[in-house]
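In what follows, a structure is listed as structure tokens, so that the remarks can point back to it.
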Amino acid sequence: MSKPKFAMYWAASCGGCEIAVLNIHEKILDVDANFDVVFWPVAMDAKYKDVEAMEDGSILLTLFNGGIRNDENEHIAHLLRKKSKILVAFGSCACEGCIPGLANFSPVKEIFDTAFSTISTDNPDNIRPQTHYAMPEGEITIPTLYPVLRTLDQVVDVDYYMPGCPPESHQIAAVIDLVIQVLQGKAELPPKGATIGAGNSTVCDECKRKRNEKTIKAFGRIQLIHADPELCLLEQGIPCNGPATRSGCDARCPSAGAQCIGCYGPAEGVVDYGARLIAAFASVIDSDKPEEIDRILDGLVDPAGQFYRFNLAGSLLKAAKPAWKSNGG
């Protein structure tokens with residue numbers, strides 16, 4: 001009997017999710033033993049036409065990492081949705097937009113101006129990418145950048161979500177074990193739409209630091225504060241995103257003395273990540289005077305990045321108005 005087919009694709013992301021899969025070490029052999037890997041461009045030679053020739057629904061499991069930033073990303077998202085029985089939004093970029101989604105604050109022209117016209121770029125002729133270019137050998141095409149980045153489920157139907165930047169390797173291994181047990185008839189898949197490879201609570205609930213419901217008079221950068229290694233970072237004025245972030249990472253950053261930055265995405269039941277964080281930060285401010293509250297909040301040097309670093313594209317906000325209006329959108 002032939003093995004079920006497995007695929008993995010890398011869209012608008014950094015590639016860290018691909019590395020995280022390799023970091024499951026010998027567990028990767030279980031993937032090879034139980035699946036026929038038919039499409040994984042970063043690890044094997046495969047062409048889009050090979051996938052297009054497959055029967056619809058013939059791929060059992062596809063891990064799709066990365067957001068949808070251009071027409072190629074969207075084409076492959078639709079193609080893999082058509083060919084896959086189970087499509088997983090794998091990693092923060094696919095689930096919520098992640099760092100590439102922060103570009104949704106800016107119109108496409110501004111993004112290109114920054115990339116090709118600023119002091120760090122040697123481009124005296126002001127050459128810009130062209131989606132179509134005629135050469136003697138024929139026309140060359142490159143993907144067309146969309147006005148905003150979208151999450152995978154804003155483009156196609158998604159069966160499961162596996163957050164993280166990247167997902168923790170032990171969580172990936174656990175999900176692979178679950179799928180193998182399902183194939184062997186020893187377990188059942190969770191309901192469609194479920195978040196897998198993560199917890200159902202918050203990073204704060206995983207964090208072993210002490211919480212005393214203390215209020216503060218200032219926010220500051222962690223490198224400028226001599227932090228108590230045992231006390232809650234937020235209660236020391238260090239902007240930690242643990243109160244709004246889904247558990248599942250074992251609170252790695254706070255345990256190592258660094259604030260949570262939110263890479264596991266919104267916790268269960270959080271409608272808008274930024275709004276929940278604003279409420280959490282406001283709750284520790286020790287003042288009822290508007291002027292003093294403004295001064296304290298000024299300690300958050302990058303509010304947009306603080307509240308929506310990983311979640312802008314998947315938030316209620318999604319993008320800034322100039323980005324939506326760019327390219328005539």
Any idea which of 161, 174, 284 is furthest toward the positive side of the dipole for the chain, if Lys and Arg beta-carbons carry +1 and Asp and Glu beta-carbons -1?
284
Let me test this: with uniform point scatterers at the alpha carbons of the stretch 107-146, what is the Debye-based log₁₀ I(q)/I(0) at q = 0.15, 0.17 1/Å?
-0.46, -0.57
Can you give me the pair-distance distribution of the stretch 21-103, C-alpha pairs, 10 Å bins, whole percents?
16, 47, 32, 6, 0
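If we sort 148-156, 197-205, 30-38 on the protection proxy, mean other Cβ atoms within 10 Å, highest first, what's the order?
On the way: 148-156: 22.3, 197-205: 19.9, 30-38: 15.3.
Going from most to least packed, we get 148-156, 197-205, 30-38.
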Spatial extent of the chain: Rg and Dmax, with the Cα atoms as the point set, Å
22.0, 72
Amide H within-cut-off set for residue 5, under 5 Å, with H built and near neighbours excluded:
36, 60, 61
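What is the dipole size for the stretch 3-153, taken about its Cα centre, with +1 at each Lys and Arg Cβ and -1 at each Asp and Glu Cβ, in debye to the nearest 20?
In total the dipole reaches around 400 debye.
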Kirkwood Rh over Cα pairs of the stretch 176-329 into Stokes-Einstein at 20 °C, 1.002 mPa s: D in µm²/s?
124
Expressed in angstrom and ordered largest first, the alpha-carbon extents of the stretch 238-329 along the principal axes are 45, 38, 23
Selected from 189, 79, 60 as most flexible by GNM, with the chain as the system and alpha-carbon contacts under 10 Å
189
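Before rounding to the nearest 500, sum -39500 (n - 2.57) across all DSSP H runs of length at least 4 in the chain and divide by the residue total; then give [θ] at 222 nm in deg cm²/dmol.
Values: 13 runs with 100 residues, N = 329.
The helix-only estimate for the chain comes to -8000 deg cm²/dmol at 222 nm.
Coordinate-derived values only; no laboratory data. Bear in mind the structure is a predicted one, so any value in this text is a computation, not a measurement. Here the Cβ is made from the backbone with ideal geometry for all residues, glycine too, and neighbour counts use every protein chain on show.
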